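The values are calculated or read from the model by the stated rules, or taken from the named source; none is laboratory data. Since we're looking at a predicted model, the values are computed, not measured. Glycine also receives a Cβ, built like all others from the backbone with ideal geometry; neighbour counts cover every protein chain displayed. What goes into the accessible areas is simple: the full protein's heavy atoms, side chains included, and nothing from ligands, DNA or RNA. Shrake-Rupley method; radii C 1.70, N 1.55, O 1.52, S 1.80 Å.
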Amino acid sequence: MIEKTPVRSSRGFTLVEVLVSSAVLGMLLLSLAQVASTVADTWNSGQSRVERRQQGRAIVDFLGRELRSAALPAHRVVQSDRADLQFILNPPSLGRDLMNPHALFWQAPVATNTEQGALAQVGYFVRWTGNKPCLCRLFVNPGSSDYQVYDSTQIGSWMNAGIANVATPTAENGWAGLFAENVLGFWVRCLDGNGSVIQQPDAALYDSRVSYTSTAEGASTSYPAPVLPFSVEISIVTVDSRTASHIDSDVKSAIMALVAEPGTINAAAFVSALSDRAAAQKKLVPILRAAVPHQIQVYMENAP
């Protein structure tokens, strides 16, 4: 009887041993590749989150610097038939599509062209272009045809022309007015010296041309107009561009609905509400994972 001798390689290994070794090596390489991919995804996710936090902090810090120096009329008397400086949150004349949920406008000595003064019109609001949310910045130098602060025909609605012509981003105007992309919401709370939200009997959420009363420990203090809030709380929620690219009409509608809810008073409340909604609407889970809230409290230089 003739015995079969195992076929050996030139180095003395049998063919079976070579195949087994190759299979084991292949499995090891595959496992290493999977581990490397997981590590890379985790690192990229962490870097994206750090980047979002840094970007969001830069946004609110810049906004805060402009807001801090908001100005009021020098004569300190409000005349209903006279156009003048104004600090206003959610003006009634503004379109609802620009209130997500808030839009804030004021004048500050930050003009880049001071030939006709230093007080520029400034404002911020979130506008959706298709399924893309953008934080827009209104900025109009004095002397511009869109500078309507002292136009008696624009009392209470001087910001409309600036928004329509200057700060509404479109492809045609090169996205003029675009300040930051992928900002889901912009929240503003005007606070008195006790840290309470100021209540005014007016259609706007806050108007410097309307007086207000602050109450603490049973004592009330009246602040006659024109008057600025003692401080302003600003917050936004950002997501990264990769996550934002997957926002469709359903996700957009859900986000806008959450932003507009009365209980969503700031960015932190929005993220909490988003977490609850994502449990039932799975499309919102990626948004929840990427959403980063940013908040700053600005103490006004010209407050009472």
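Things worth noting here:
- Antiparallel %, DSSP beta bridges [both residues in the chain], to 5: 100
- For the chain, with +1 on Lys and Arg beta carbons and -1 on Asp and Glu, the positive-most of S245, I163, G95 along the dipole: S245
- Descending Cα extents along the principal axes, the chain, whole Å: 120, 49, 32
- Averaging the Cα positions of each part gives two centres, and for segment 213-246 and segment 112-141 these lie 19 Å apart.
- Within the chain: Cβ-based charge dipole about Cα centre, in debye rounded to nearest 20 (Lys, Arg +1; Asp, Glu -1): 1060
- Loop-exposed chymotrypsin sites (Phe, Trp or Tyr not before Pro) per DSSP, neighbour cap 16 Cβ within 10 angstrom, longest uninterrupted part of the chain: 14-149
- Full-extension gain in nm, A83 to A203, via 0.36 nm per residue minus C-alpha separation: 41.4 nm
- Contour excess over end-to-end distance, with Cα ends at R289 and N302 and 0.36 nm allotted per residue: 0.7 nm
- Protein heavy-atom accessible surface, 1.4 Å probe, per residue over the chain: 52 Å².
- Selection from V60, N173, A291 lying farthest towards where the dipole of the chain points positive, charges on Cβ: A291
- The H on the amide N of T14, modeled in the peptide plane, is under 5 Å from the matching H of S9, each at least 5 residues off or on a different chain.
- Cβ-Cβ FRET estimate between N131 and S157, R0 fixed at 25 Å, reported to 0.05: 0.30
- Solvent-accessible area of the chain (1.4 angstrom probe, protein heavy atoms only): carbon and sulfur portion equals 54 percent.
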